[in-house]
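Worksheet: the structure to be examined is printed underneath.
The values are calculated or read from the model by the stated rules, or taken from the named source; none is laboratory data. Predicted model only: the values in this text are computed from it and were never measured. Backbone-built Cβ (ideal geometry, glycine too); neighbour counts: all protein chains shown. Please note that ligands, DNA and RNA were not included when accessible areas were found on the heavy atoms of the full protein model with its side chains. Shrake-Rupley method; radii C 1.70, N 1.55, O 1.52, S 1.80 Å.
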Amino acid sequence: MAAVSACSVDTVLRPEVDVGTRTAAISGGGLQNLVPSNPMMTSYPRFTMPRAPTAVMPPGETACRRELKRLGVDYRDLAPIDDGGACRIDHPVEVSGLSGGIKMKPAATLNCPMAVAFARWTKSELAPAARMRYLSGIDTIRQGSSYSCRRIRGTGVASEHAKGNALDVMSITLENGREIDVRRPGFFAFRQRGLLNKVRADGCRYFTTVLGPGYDADHADHFHFDIKDRRNGYRACR
């Protein structure tokens, strides 16, 4: 995940690129099916039981959790999620905090590799960039959607959110109380524009998809990050 490979948008973007909060609910279960037209339903923690202490995980999942601990992530293991079809995470985690005491609100339900990718990016790129520009650490990252059982709008393809493979970031609150809304900043908001441009550019080294304000109307108010597996290692970064 650390190396960029052919980060070309023109050759990468396909109809299957996830469009974030405007995707449609998939029949099955979960809160989003209750109010499929309300994207804000997707951000709140699921009523999911913790994973049984005696449950056995594959070695890869165990190693992934060691990496979460090394990165200083606050998380808990959840019971397997299966809402039907492609809406499934066999070994989900609920992330409530990141390195440096950064809070995740609401807590995000993800698969472990996506949690690791986001934690690495936050620790190595986002937090240092915010401190350099605002002389303040990050207090809270507000996410708008983590796991959600839905399809990519206008297609029959499952969203990366349906696999716990994606996270949408709406705003960032600094320790000094300043809130950075990720929507396109005003003309004279030089520091905010610089931070958001760096978020977009550096994210391509950690995620296979980075889409945000300025890309299209569906991403006007958030950044979408995911680790969709694409052929030939292509990445979509806009």
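Quick notes
- Taking (1) at pLDDT below 95; (2) farther than 17 Å from residue 89 by Cα; (3) open to solvent by 10 Å² or more (accessible area, probe 1.4 Å) in turn, residue 182 satisfies each apart from (3).
- Residue match in the stretch 168-176 (condition: open to solvent by 10 Å² or more (accessible area, probe 1.4 Å), at pLDDT below 90 and under 23 Å from residue 238 (Cα atoms)): no
Per-residue answers, yes or no, for (1) touching a residue at least 12 places away in the same chain (Cβ under 8 Å); (2) of a type in the set (A, V, I, L, M, F, W, C):
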site	(1), (2)
95	yes, yes
103	yes, no
114	yes, yes
128	no, no
132	no, yes
141	yes, yes
147	yes, no
151	yes, no
163	yes, no
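- Residue 84 out of contact with any His (no Cβ under 9 Å at 6 or more places or on another chain) and part of a strand (DSSP E or B): no
- Evaluation of residue 90 against (1) open to solvent by less than 60 Å² (accessible area, probe 1.4 Å); (2) over 22 Å from residue 198 (Cα atoms); (3) over 17 Å from the mean Cα position of the chain (by Cα) (one fails), failing number: (1)
- Residue ID - modelled with the lowest pLDDT, chosen from residues in the stretch 117-166 that are in a strand (DSSP E or B), farther than 14 Å from residue 180 by Cβ and open to solvent by 10 Å² or more (accessible area, probe 1.4 Å): 151
- Any hit, the stretch 59-67, residues being in a helix (DSSP H, G or I) and either in contact with an Asp or Glu (Cβ under 8 Å, 6 or more places away or on another chain) or closer than 28 Å to residue 177 by Cα (or both): yes
- Only one of the numbered conditions (1) within 24 Å of residue 116 (Cβ to Cβ); (2) open to solvent by 30 Å² or more (accessible area, probe 1.4 Å); (3) at pLDDT 80 or above is violated by residue 233, and that is (3).
- Across the stretch 185-214, the number of residues qualifying as in a loop (DSSP other than H, G, I, E, B) and at pLDDT below 80 comes to 8.
- Meets criteria (small (Gly, Ala, Ser), open to solvent by 50 Å² or more (accessible area, probe 1.4 Å) and either modelled with pLDDT of 90 or more or under 19 Å from the mean Cα position of the chain (by Cα) (or both)) for residue 60: yes
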